[in-house]
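The values are calculated or read from the model by the stated rules, or taken from the named source; none is laboratory data. Predicted, not measured: the structure shown is a model, and the values here were computed from it. Please note: Cβ atoms are built from the backbone with ideal geometry, for glycine as well, and neighbour counts cover all protein chains shown. Surface accessibility is based on the protein's heavy atoms, side chains included, excluding ligands, DNA and RNA. Shrake-Rupley method; radii C 1.70, N 1.55, O 1.52, S 1.80 Å.
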Amino acid sequence: MRTRVGIVGGGPAGLLLSHLLHGRGIESVVLEARSRKDLESEIRAGVLEHGTAELLIETGVGDRMQREGAVHHGVKLQFDGRRERIDLEELTGKTITLYGQHEVVKDLVGARLDAGGEILFEAKGIEPLDLESGEPKVRFVRDGEEQELRCDFVVGTDGFHGVTRKALPEGARAEYERRYPFGWFGILVEGPPSTEELIYALHDRGFALVSTRSPQIQRLYFQCDPGDEAGSWSDDRIWTEMHARLDTDDGWTVNEGKIIQKNVVQMRSFVCEPMRHGRLFLAGDAAHIVPPTGAKGMNLAVADVRVLSRGLAGFYESGDTNGLDRYSATCLRRVWKASRFSWWMTSMLHRFDGDNAFQYRMQVAELDYVAGSRAASTSLAENYVGLPMAPELEASAEERTAQGAS
Ligand code: DHB
């Protein structure tokens, strides 16, 4: 089997890259270890930055998001018994869209298959080979048969635990990591939202977050021990904890409902440099992960593949390797800024073991400053709605036409 770009991993990064390349007339094949059903049902974050939502719309995969997603104009910070609003739109002119990552994945799978694209589900034992040669390949097993995909380039979009990053020789990569001494316990709840806008809360019992998925489903999270598992918390204990961290003196309370899913999210910051080796390019979680506070994970992946699709288009259209040569450095500048933002939000909003009352007062003072200062709240807002994807790469009219937008 031969294609131009072999994409290892069918999450949002790999699927979107394949979609963007298709818009440029560049053929690709996506290899995905999971079944379509498992892939499409994996529950992850649900906040799309302004630029992410725009890109999905411009490239023709934003219809359902526009119908079913919710545009939010602000977010709330809760601390010291108060709730303060950050008006994202007023401060930045931009909004965010609440739409689950697995819904984006479903829309992209549908668009690729409708356009005749190839996604090979349940491809096991994936092994990238000959990455320093002019014709790399990916070996895999499917339906019990060993197969080989030969291509011009391999792109690794197979997530943090994937195989592609490990294909960069150890001496050719540097890894930077910070682990946080807590996790997030996430629940999906049937019932009406408790609030119209997201609430990020600092409480001396720990962080809590109120989000939504739809008018019928709430998404709630709270800081837990890193070793907790989905079964560690009974429903009763969860609601007692959520009320303790979130309810306010004015009578506002978090709406209870039937808990239909529980999961634990690990908290880690990680960056691998560079994001390229020979003919292998890494994008999304395969190259970097952030703690979930601020919901940057998928948005970073989208920014990476946007830069990469431009680089590949330059190469195929005119033989120009400049975009590909600059890919890693261009992405890493944005990756580090989003890593800083996610780390900062995490540090400001969580209780760390061993923190004393002084540190708690520092966190409250910081939140009070962020909420009360236009400069500080603008800083939070511009990061939250998303920093420019890559300033020198903002979509040209030409790109929009190539992607088939009206
Ligand atoms: C959601 C997840 C996040 O990490 C976040 O910061 C906000 C919202 C969510 O899943 O809705």
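In table form, for the structure just shown:
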| quantity | calculated |
| --- | --- |
| From E54, E58, E49, residue being within 16 Å of the chain's Cα centre (by Cα) and surrounded by fewer than 24 Cβ atoms within 10 Å (Cβ to Cβ) | E54 |
| Matching residues in segment 237-258 - criterion: being within 15 Å of the ligand (Cβ to nearest atom) and either touching a helix residue (DSSP H, G or I) at 6+ places or on another chain (Cβ under 9 Å) or open to solvent by 50 Å² or more (accessible area, probe 1.4 Å) (or both) | V254 |
| Residue count for segment 202-221, restricted to those that are at negative phi, open to solvent by less than 20 Å² (accessible area, probe 1.4 Å) and more than 12 Å from the ligand (Cβ to nearest atom) | 1 |
| Residues of segment 39-80 satisfying the condition of being at pLDDT below 95, under 24 Å from Y200 (Cβ atoms) and more than 11 Å from the ligand (Cβ to nearest atom) | E42 |
| Which numbered condition H277 misses (of (1) touching a residue at least 60 places away in the same chain (Cβ under 8 Å); (2) open to solvent by less than 30 Å² (accessible area, probe 1.4 Å); (3) more than 16 Å from the ligand (Cβ to nearest atom)) | (2) |
| D355, sole failed condition from (1) in a helix (DSSP H, G or I); (2) farther than 21 Å from S211 by Cα; (3) open to solvent by 10 Å² or more (accessible area, probe 1.4 Å) | (1) |
| Residue match in segment 342-350 (condition: outside the structural domain of L209 (by TED's automatic domain parsing), under 21 Å from G162 (Cβ atoms) and open to solvent by less than 10 Å² (accessible area, probe 1.4 Å)) | yes |
| Residues of segment 8-34 satisfying the condition of being open to solvent by 30 Å² or more (accessible area, probe 1.4 Å) and of a type in the set (G, A, S) | G25, A33 |
| Index of the failed condition, I187 passing every other in (1) more than 16 Å from the ligand (Cβ to nearest atom); (2) within 18 Å of Q266 (Cα to Cα) | (1) |
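Residue-wise test of (1) outside the structural domain of M298 (by TED's automatic domain parsing); (2) farther than 30 Å from I119 by Cα; (3) acidic (D, E); (4) modelled with pLDDT of 95 or more.
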position: P136; (1), (2), (3), (4): no, no, no, yes
position: R150; (1), (2), (3), (4): no, no, no, yes
position: V163; (1), (2), (3), (4): no, no, no, yes
position: V210; (1), (2), (3), (4): yes, yes, no, yes
position: R213; (1), (2), (3), (4): yes, no, no, no
